[in-house]
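Before any comments, here is the structure.
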Amino acid sequence: MRRAGRLLGVATALALVTGCAVGAEDRAHVIGADDVPYGLLEEERAGATASVPDGTTVAIYLVRDDELVAVERELRRDAGLEELVGMLAAVPTAAEAAAALTTAVPDPDVYGDVEVVRGTAEVDLAPSFSEIDGATQALAIAQTVFTLTARPGIGRVVFRLDGASVEVPRGDGTLTDEALARDDFPDLLSGARPGPGG
């Protein structure tokens with residue numbers, strides 16, 4: 001008798017639990033945005049956005065003791081080459097400054113448009129570039145050449161002013177209006193070693 005009473009109690013409990021369960025639906029129901037608790041959708045969207053990286057790592061070249069040093073920076077994935085060379089004028093990070101790295105590019109406005117034609121980057125310079133002294137100009141040109149030729153598909157760089165070729169200094173101080181490569185800066189090439197994070 002006692003065992004039958006226990007079985008009857010278990011059966012009754014199961015019946016009560018089953019009666020409280022949500023029944024199966026024969027089709028899905030769409031819940032409108034107004035019926036979702038406040039803030040729930042925004043939090044979900046914010047989390048999804050935060051998990052997607054928004055940049056890519058690029059190499060730019062800074063200056064230490066009149067030599068070039070490669071460092072890594074983050075650049076937006078949709079950024080153009082103008083923004084890449086513009087980074088050369090940015091203030092060095094704390095880690096770069098601690099490593100005695102500087103830049104010879106005084107202002108991002110010295111650069112105009114940058115286009116690539118058959119593997120050669122064509123860089124428009126602003127008239128203010130001529131105000132930079134000769135030795136600093138050579139380093140700034142070298143920084144630009146090394147930074148652009150670090151990108152896939154670019155082997156040489158030519159500089160223009162108002163759409164026309166302009167003479168810029170090579171590594172040996174001579175002027176040329178021809179396209180430049182890293183080999184045009186042999187003294188800097190041997191010093192283009194990785195910097196902090198590069």
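For the pair T176 and R118 in one chain, pulling the backbone fully straight at 0.36 nm per residue adds 18.9 nm over the alpha carbon distance. How much net charge surrounds Q137 when only other residues with a Cβ under 12 Å from its Cβ are counted (Lys, Arg +1; Asp, Glu -1)? It works out to a net charge of -2. A crude spin-label estimate for the pair E74 and T136, with each label 7 Å from Cα along the Cβ direction, gives 3.1 nm. The phi torsions of the stretch 70-75, fed into the Karplus equation with coefficients 6.51, -1.76 and 1.60 and a -60° offset, translate into couplings of 7, 10, 9, 9, 9, 10 Hz, rounded to whole numbers, with Gly and Pro shown as x. Translational diffusion of the stretch 55-194, estimated by Stokes-Einstein from the Kirkwood radius over alpha carbon pairs at 20 °C in a medium of 1.002 mPa s, is 144 µm² per second.
Under a model in which nothing but the beta-carbon of Lys, Arg (+1) and Asp, Glu (-1) is charged, the stretch 86-198 shows a dipole of about 520 debye around its Cα centre.
Where a number appears in this text, it was derived from the coordinates with a stated rule and is not lab data. This structure is a prediction, so every number in the text was calculated from the model and none was measured. Cβ atoms come from the backbone with ideal geometry, glycine included; neighbour counts cover every protein chain shown.
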